[in-house]
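Chemist: Once you've had a glance at the structure underneath, I'll fire off some questions.
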Amino acid sequence: MTNAVLDINDKPKTSQLLTLSLQHMFAMFGSTILVPTLTGLSPAIALLTSGVATLFFLLITRFQVPAYLGSSFAFIAPMIVATKSFGGPGGAMLGAMLVGVTYGIVALVIWKTGYKWLMRLLPPIVVAPVIMVIGLGLAATAVDMSMNETLQNGTKVYHASYFIIALITLAAAILVNNFIKGVVSTMPILLGLIAGYVAALISDKIAGTNFIDFSKVVDAPWVAAPNFLIPGVDYAIHFTPTIILAMVPIVIVTISEHIGHQLVLGKIVKRNYIKNPGLNRSLLGDGLGTFLSALVGGPPKTTYGENIGVLVLTRVFSVWVIGGAAVFAMLLSFSGKLMALVSTIPTPVLGGVSILLFGIIASSGLRMLVENKIDFDHKRNLVIASVILILGIGGGKILWQNAFGIEGYNFAIEGMALAAIVGVILNVILPGKAQPDIELQAEEEREKQLEK
């Protein structure tokens with residue numbers, strides 16, 4: 001028994017479906033629109049593709065896994081690198097398509113051979129430091145957005161008013177996260193954005209600052225199609241080694257994150273999702289969602305912890321509710337006024353929530369090390385973690401100028417992609433065995449007990 005108010009395939013009443021689905025949509029909204037805002041993509045497309053990806057995920061997992069797919073923060077820095085190397089967002093989209101294909105290949109191999117080889121390749125000592133790199137590597141971006149105005153010529157100017165608005169936003173998100181109970185506690189990013197936005201409005205009125213310009217909202221139509229980015233139409237289809245190596249290695253982290261979410265979900269709903277419908281199916285669903293998203297200009301997708309939090313609080317596990325949230329997100333993406341309003345969010349407000357969000361990402365990597373009882377008295381563990389952290393945070397780069405004999409083409413592997421690749425290599429070649437994932441071990445032990 002799951003002690004559920006509504007179990008996986010239970011269909012709620014219409015009134016319940018509306019309210020419960022809206023709760024899930026609001027839980028993911030802030031984080032899902034933040035990623036495209038930081039990477040120069042369309043928030044409307046991010047919303048639309050989150051809904052489409054979630055529906056396909058539910059279909060592929062045979063409507064057994066109540067997970068919502070939103071924008072992945074792991075790909076923020078790699079998408080920026082891919083965009084710069086390509087000269088536009090098309091590079092990030094091509095890289096995201098390859099990420100989706102990589103998910104599909106891994107899912108196929110798992111289907112044929114099982115998943116244990118993957119856990120040996122990606123133990124906590126590799127994955128946890130890379131997760132820390134994702135958060136810490138973006139720390140300078142969050143702080144810069146919180147303090148500095150970037151002028152048209154690229155010059156950065158410090159403003160105390162920026163930092164005050166950022167701190168108000170951060171404080172609001174922290175208060176919601178730590179002191180508010182119930183479903184509202186799962187929306188710290190969204191409510192932090194709202195509080196910061198209101199603070200910026202008050203500042204504009206009282207102090208005469210100029211944080212928000214409503215002219216875009218006034219001019220925007222009520223209904224508007226999202227800004228699609230179609231390969232071969234809006235950008236050339238041209239895969240480069242830099243795009244591939246900037247984006248694809250990050251699946252080392254996102255696949256591990258995916259497995260973690262499936263284990264947590266399984267505990268909550270009292271099912272073994274690694275076995276049924278199978279890790280291969282859930283990974284394929286995640287990969288297809290990412291591929292379809294990139295095909296129309298959306299960021300890579302991942303299952304969202306915020307929505308898992310809603311499941312815990314409401315005890316409503318129905319996939320009908322998750323599907324309803326996906327439909328609401330798709331409908332909302334066609335609201336021209338709302339998307340124009342999102343585009344007016346001041347930079348320091350985004351910076352304020354980013355400080356908390358990127359810090360939480362880094363802390364979750366640290367938590368993984370603690371929970372898996374990684375022993376740093378072992379030189380092997382110390383070396384792997386140290387190299388990953390310094391290469392990733394320090395911005396290590398392998399640069400080949402005029403690569404492959406092409407004048408002006410610079411091939412580069414840098415930052416967290418380089419750190420992830422080096423981490424996997426060190427784990428394979430250094431003597432000794434990596435400590436296994438304790439959560440996965442526990443799951444395997446439970447299975448053995450059930451079989452007996």
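The values are calculated or read from the model by the stated rules, or taken from the named source; none is laboratory data. Given the structure is predicted, the values throughout are model-derived calculations rather than measurements. For neighbour counting, all protein chains shown are included, and Cβ atoms are generated from backbone atoms with ideal geometry for every residue, glycine included. Heavy atoms of the whole protein, side chains included, go into the accessibility calculation; ligands, DNA and RNA do not. Shrake-Rupley method; radii C 1.70, N 1.55, O 1.52, S 1.80 Å.
Chemist: What is the percent carbon and sulfur in the accessible area of the chain, measuring with a 1.4 Å probe over the protein chains and ignoring ligands?
Modeler: Answer for the chain: carbon and sulfur cover 66 percent of the accessible area.
Chemist: Further question: Restricting to Cα atoms and excluding each atom paired with itself, what does the Kirkwood estimate give for segment 115-243 in Å?
Modeler: 19.3
Chemist: Right, next: How much length is gained on full extension from residue 383 to residue 433, taking 0.36 nm per residue of separation minus their Cα-Cα distance?
Modeler: My answer for the length gained is 16.6 nm.
Chemist: What are the membrane-span-like helices in the chain by this rule: whole DSSP H runs, Cα extent along the axis at least 27 Å, mean Kyte-Doolittle hydropathy at least 1.0?
Modeler: Span-like helices in the chain: 90-113, 160-179, 347-371.
Chemist: Could you report the chain's accessible area per residue, 1.4 Å probe, as an integer in Å²? Intermediate values should be presented prior to the final figure.
Modeler: Numbers: 20030 Å² over 452 residues.
Averaged over the residues of the chain, the accessible area is 44 Å².
Chemist: Tell me, Kirkwood radius of segment 116-159 from alpha-carbon pair distances, in Å?
Modeler: Value: 13.1 Å, from the Cα pair sum.
Chemist: Moving on to the next point. Using only protein heavy atoms and a 1.4 Å probe, report how much of residue 119 is accessible, in Å² to the nearest 10.
Modeler: Here the residue's solvent-accessible area equals roughly 30 Å².
Chemist: Which sequence of 377, 213 reflects their accessible areas, 1.4 Å probe, from the largest down? Before the final figure, lay out each step's value.
Modeler: On the way: 377 135, 213 90 Å².
Final ranking, largest accessible area leading: 377, 213.
Chemist: How do the peptides 154-164, 140-150 rank, highest first, by the average count of neighbouring beta carbon atoms within 10 Å per residue? Each step should come with its number before you reach the end.
Modeler: On the way: 154-164: 12.8, 140-150: 17.5.
Averaged packing, sorted descending, gives the order 140-150, 154-164.
Chemist: Further, regarding this structure: For residue 216, which lysines qualify as cross-link partners when the Cα separation must be under 20 Å and same-chain residues fewer than eight apart are set aside?
Modeler: Within the straight-line cut-off, residue 216 pairs with 205, 337.
Chemist: Grab the Cα-Cα distance for residue 425 and residue 112, subtract it from 0.36 nm times how many residues apart they are, and report the gain in nm with one decimal.
Modeler: On the way: separation 313, 0.36 × 313 = 112.68 nm, distance 2.41 nm.
Gain in length upon complete extension: 110.3 nm.
Chemist: In nm, to one decimal, how far is the modelled label at residue 19 from the one at residue 227, with both set 7 Å along Cα→Cβ?
Modeler: 3.8
Chemist: For residue 399 and residue 156, what does the FRET efficiency come to when R0 = 30 Å and r is the distance between their Cβ atoms, rounded to the nearest 0.05? Working shown, then result.
Modeler: Numbers: r = 25 Å, r/R0 = 0.84.
Taking R0 as 30 Å, the efficiency between residue 399 and residue 156 is 0.75.
Chemist: Taking the simple approach of a point 7 Å from Cα along Cα-to-Cβ for both residue 236 and residue 180, what is their distance in nm?
Modeler: 4.8
Chemist: If you stretched the chain out fully between residue 407 and residue 84, how much longer would it get, using 0.36 nm times the residue separation minus the C-alpha to C-alpha distance?
Modeler: 114.5 nm
Chemist: At 7 Å along the Cα-to-beta-carbon direction for both residue 205 and residue 275, put a label point, then send me their distance in nm to one decimal.
Modeler: 5.9
Chemist: Find, to one decimal place in angstroms, the Kirkwood hydrodynamic radius of segment 345-399, where the mean of 1/r is taken over every pair of different Cα atoms and then inverted.
Modeler: 13.6
Chemist: In addition: Going 7 Å from the Cα of residue 446 toward and past its Cβ, which residues in segment 284-323 have a backbone nitrogen under 12 Å from where you end up?
Modeler: Once the point is set 7 Å along Cα→Cβ of residue 446, nothing inside segment 284-323 turns out to lie under 12 Å by backbone N.
Chemist: A follow-up question, please. Which number comes out as Rg/Rh for the chain once both Rg and the Kirkwood Rh are worked out on C-alpha atoms?
Modeler: We get a ratio of 0.96 for the chain.
Chemist: Let me ask something else. A 32 angstrom limit on the alpha carbon distance is what I want to check against. Which of 84/112; 181/433; 301/397; 13/270 exceed it?
Modeler: 84/112; 181/433
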